[in-house]
Amino acid sequence: MNIETLAIHAGRSIDPTTKSVTAPLYLSTTFEREPDGSYPQGFLYTRMASPNREMLEDCLTQLEGGEAAAAFSSGSAATMSVFQALSPGDHVIAPLDAYSGTTALLKNVMMPWGLEVSFIDLTDLGQVEQAVCPNTKLIWTETPSNPMLRITDLAAVATIAHQNNAICACDNTWASPVLQRPFEQGADLVVHSTTKYLGGHSDVLGGVVIAKVEDDRFQRIRQIQIAGGAVAAPFDCWLVLRGIQTLPYRMRGHSANALKLASALVNHPAVEAVHYPGLPDHPGHAIAAKQMKDFGGMMSIQIKGGREAAFAVTAGVKLFTRATSLGGVESLIEHRASIEGEGTQTPENLLRLSIGLESPEDLVADLTQALDQAVVEK
Ligand SMILES: *Cc1c(COP(=O)(O)O)cnc(C)c1O
């Protein structure tokens, strides 16, 4: 079945008791036992499993083409479960420009816990091969990367992982399963912050780990989900599942709008650089074209004149909202270095844009007038 159909039907069925077409919301934390003590529906307590969570996990499993999924209360909780499923003393290879929350999680929580981590440039396959150690168990990928939109060759990195008895996990948040299918490129685990494109409306926090194979490693992740308790709440699952129904069409709109905007911005005199993998001269364009269906709704731009000029542009927008996060229907703009804080590698003149579903002409006009203003002020 194609993804437009799966997005609407996977994990859902007509409710047998009421015939409600839309999934009911089951808020009950506990479920009645039969007189013999059994649970014929399989539900006993919401932390273990819940009807809405099961629907969402089933849907996400099918969207990515895996065998099982575990839904968490945030993308970071999902990410952490993958690291916690390793053992102290294991070695992880992670990208230098991983999502800043993932970098902080590795440095501040998982390294003190005992993981060894090498942060490298994953777009350089020579560096990946060199970074592999005898105790390397996991290569963590994130492509397109945040906020530089660097493209990692997923198939090549997964091959290196497997040649060294390690696994490859992909944070697929920015592409979504509509634009990128990491399991088809060899990845073993896919992680999403469902807060972003899957939810799609900036009104719910969530995360998921999807496994290509329902093996012992996935059982360990399931155990961490249940025992740790950072599970996705019923209403949150309901919201993400509702958002997913329009995901394939939203991703088309985000991608088309972002390409129009990127193409319009490259020649603006106030712009030093536009980072968008859909532009033919982007260094990762060829690999992105090979492993992605389209180039997505995220981009970053560098403004001539440094930090002050970048802030002048954010001050001048009228339609874009100055806020962090991404993947919602509304366009967002943010000065990324100041969000990432101390130790950030992000250039001070960089603005990250999440391109929404407004009219592309209106978005181009808004950014152009803000950039024009920045040129005048200089
Ligand atoms: C937002 C984000 C996360 C973290 O997800 P939360 O839901 O905020 O915990 C992880 N990876 C990427 C790429 C993200 O954009």
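Miscellaneous remarks
- For region 41-126, the list of GluC sites (Glu not before Pro) that fall in a loop by DSSP and count at most 14 other C-beta atoms within 10 angstrom reads Glu67.
- Extension gain from Glu358 to Lys318, taking 0.36 nm per residue of separation minus the Cα-Cα distance: 13.1 nm
- The C-alpha atoms of the chain define a longest principal axis, and helix 154-163 lies at about 50 degrees to it.
- Across region 261-272, rounded Karplus estimates of 3J(HN,Hα) from the backbone phi angles (6.51 cos²θ - 1.76 cosθ + 1.60, θ = phi - 60°) give 5, 4, 5, 6, 7, 4, 9, 6, x, 8, 9, 8 Hz, Gly and Pro being marked x.
- Amide H to amide H distances under 5 Å link Asp171 with Thr141, Glu142, Thr143, Val191, where only residues 5 or more positions off or on other chains count and H is placed in the peptide plane.
- Placing a pseudo-label 7 Å from each Cα along the Cα-to-Cβ vector at Ala155 and Ser263 gives an inter-label distance of 2.7 nm.
- Pairs exceeding a 24 Å alpha-carbon distance, out of Lys212/Lys293; Lys196/Lys293; Lys212/Lys260; Lys137/Lys290: Lys212/Lys260; Lys137/Lys290.
- Under a 5 Å amide H cut-off, with hydrogens placed 1.01 Å from N, Leu44 pairs with Ala49 among residues at least 5 apart or on other chains.
- Full extension of the segment from Thr30 to Glu116, taken as 0.36 nm per residue of separation minus the current Cα-Cα distance, would add 26.9 nm.
- Expressed to the nearest 5 percent, the antiparallel share of DSSP beta bridges inside region 247-377 is 85 percent.
- Relative to the dominant Cα principal axis of the chain, helix 360-377 is inclined by about 50°.
- Most positive-pole-ward Cα, Thr29, Ser263, His285, against dipole of the chain from beta carbon charges: Thr29
- Distances between placed amide hydrogens fall under 5 Å for Thr136 paired with His91, all partners being 5 or more residues away or on another chain.
- Within the chain: Cβ-based charge dipole about Cα centre, in debye rounded to nearest 20 (Lys, Arg +1; Asp, Glu -1): 280 debye
- Placing unit charges on the Cβ atoms of the charged side chains and taking the dipole of the chain about its Cα centre, the candidate lying farthest along the positive direction among Pro234, Gly327, Ala161 is Pro234.
- Angle in degrees between helix 51-64 and the longest Cα principal axis of the chain, rounded to the nearest 10: 60 degrees
- For region 247-377, the Cβ-based charge dipole about the Cα centre amounts to some 440 debye (Lys, Arg positive; Asp, Glu negative; other atoms uncharged).
- Taking the fewest neighbouring Cβ atoms within 10 Å as the starting point, the ordered list for Lys19, Lys290 is Lys19, Lys290.
- Rounded Å value of the spacing that divides the Cα centres of region 113-172 and region 1-73: 33 Å
- Cα centroid separation - region 288-304 against region 244-286, whole Å: 5 Å
Bear in mind these aren't lab numbers, they're just calculated from the coordinates by the rules spelled out. For clarity, every value in this text was computed on a predicted model and none was experimentally measured. Note: ideal-geometry Cβ built from the backbone for every residue, glycine included; neighbour counts use all protein chains shown.
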